[in-house]
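The structure under discussion appears below in the form of structure tokens.
The values are calculated or read from the model by the stated rules, or taken from the named source; none is laboratory data. This one's a predicted model, so the numbers in the text were calculated from it and none came from an experiment. Here the Cβ is made from the backbone with ideal geometry for all residues, glycine too, and neighbour counts use every protein chain on show.
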Amino acid sequence: NAGVTQTPKFQVLKTGQSMTLQCAQDMNHNSMYWYRQDPGMGLRLIYYSASEGTTDKGEVPNGYNVSRLNKREFSLRLESAAPSQTSVYFCASSEDPSEYNEQFFGPGTRLTVL
Amino acid sequence: QKEVEQDPGPLSVPEGAIVSLNCTYSNSAFQYFMWYRQYSRKGPELLMYTYSSGNKEDGRFTAQVDKSSKYISLFIRDSQPSDSATYLCAMEGIQGAQKLVFGQGTRLTINP
């Protein structure tokens, strides 16, 4: 099992460019999440999907959109990148939203917006 | 004020020392308390979790939760260089929402 995979690993964008971060999990988990990690801020939830077909906003959703493509895949889109979106982005998944479950994280995507 | 506060460190101790990492929180609705370990340039991985108040031990690691003081701790005994990482506390309250709130993370270095 690969667990949670993310592509790309690194990306440099110019202000105003768009891009999609891809995430896939092979653990048959129902719930998936997107976080960003900034120095001194810990991880902050951007969007999550409790189950296939549903998405909901987290703490910092502005400037992002998500798509739960199927049970395995959850993508994060930046429509018009801004320097404030320079961060490390982590995708995570967990088994069942109805009770506490461990969240498993991917290796992250390091994004720089110039 | 952040919902979860964690001293970012950095914290540097000699091998074999007992390490204490702490978080405070303000939301009394939190019920699940977690510690994640994150090695450099990797994703976080769950180290321990505790439900409500009390202690939980796993090998050299002990997690404590004091809900009356809104304070959680992670103790590492006989610390090893391989324990060098960033430790993040995380909390979750509303059952079913799975919306974790993380502390800022403490960067720990164990010196041989």
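Here are some notes:
- Any strands (runs of 3 or more DSSP E) falling wholly within region A:7-114 and containing at least 2 residues that are of a type in the set (Gly, Ala, Ser): A:42-49, A:87-94
- Leading residue by the ranking (nearest to A:SER93 (Cα to Cα)) among those in region A:45-66 that are among the polar types (S, T, N, Q) and buried (at least 17 other Cβ atoms within 10 Å of the Cβ): A:SER49
- Residue match in region A:74-90 (condition: within 25 Å of B:THR86 (Cα to Cα), surrounded by 17 or more Cβ atoms within 10 Å (Cβ to Cβ), aromatic (Phe, Trp, Tyr) and modelled with pLDDT under 95): no
- Subset of region B:31-63 [within 12 Å of the chain's Cα centre (by Cα) and without any contact (Cβ under 8 Å) to a residue 12 or more places away in the chain]: B:GLU45
- Residue in region A:102-111 that is in contact with a Ser or Thr (Cβ under 9 Å, 6 or more places away or on another chain), under 24 Å from B:LEU88 (Cα atoms) and free of Cβ contacts under 8 Å to residues at least 12 places away in the same chain present: yes
- Residue check, B:SER68 among the hydroxyl-bearing types (Ser, Thr, Tyr) and over 22 Å from B:PRO10 (Cβ atoms): yes
- Residue within region B:79-88 that is out of contact with any helix residue (DSSP H, G or I) (no Cβ under 8 Å at 6 or more places or on another chain), loosely packed, with under 13 Cβ neighbours inside 10 Å, in contact (Cβ under 8 Å) with a residue 60 or more places away in the chain and farther than 19 Å from A:SER31 by Cα present: yes
- No other residue among B:GLY105, B:GLY93 is within 11 Å of chain A (Cβ to nearest Cβ), on the phi > 0 side of the Ramachandran plot and surrounded by 12 or more Cβ atoms within 10 Å (Cβ to Cβ) apart from B:GLY105.
- Condition met for A:GLN25 (touching a Lys or Arg at 6+ places or on another chain (Cβ under 8 Å), touching a residue at least 60 places away in the same chain (Cβ under 8 Å) and surrounded by 17 or more Cβ atoms within 10 Å (Cβ to Cβ)): yes
Here's the yes/no breakdown for (1) under 16 Å from B:GLN38 (Cα atoms); (2) within 14 Å of chain A (Cβ to nearest Cβ); (3) at pLDDT below 95:
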{"site": "B:THR62", "(1), (2), (3)": "no, no, no"}
{"site": "B:SER68", "(1), (2), (3)": "no, no, yes"}
{"site": "B:SER73", "(1), (2), (3)": "no, no, no"}
{"site": "B:ARG77", "(1), (2), (3)": "no, no, no"}
{"site": "B:SER84", "(1), (2), (3)": "yes, no, no"}
{"site": "B:CYS89", "(1), (2), (3)": "yes, yes, no"}
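- Of everything in region A:28-43 that is surrounded by fewer than 20 Cβ atoms within 10 Å (Cβ to Cβ) and within 24 Å of A:LEU69 (Cα to Cα), the residue that is farthest from the other protein chains (Cβ to nearest Cβ) is A:ASN28.
- Among residues of region B:8-30, those that are within 12 Å of the chain's Cα centre (by Cα) and surrounded by fewer than 15 Cβ atoms within 10 Å (Cβ to Cβ), counted: 1
- When the test is whether a residue is within 11 Å of chain B (Cβ to nearest Cβ) and surrounded by fewer than 21 Cβ atoms within 10 Å (Cβ to Cβ), A:GLY16 does not pass it.
- Across region A:93-105, the qualifying residues are those that are modelled with pLDDT of 90 or more and touching a Phe, Trp or Tyr at 6+ places or on another chain (Cβ under 6 Å), and the one among them that is surrounded by the fewest Cβ atoms within 10 Å (Cβ to Cβ) is A:PHE105.
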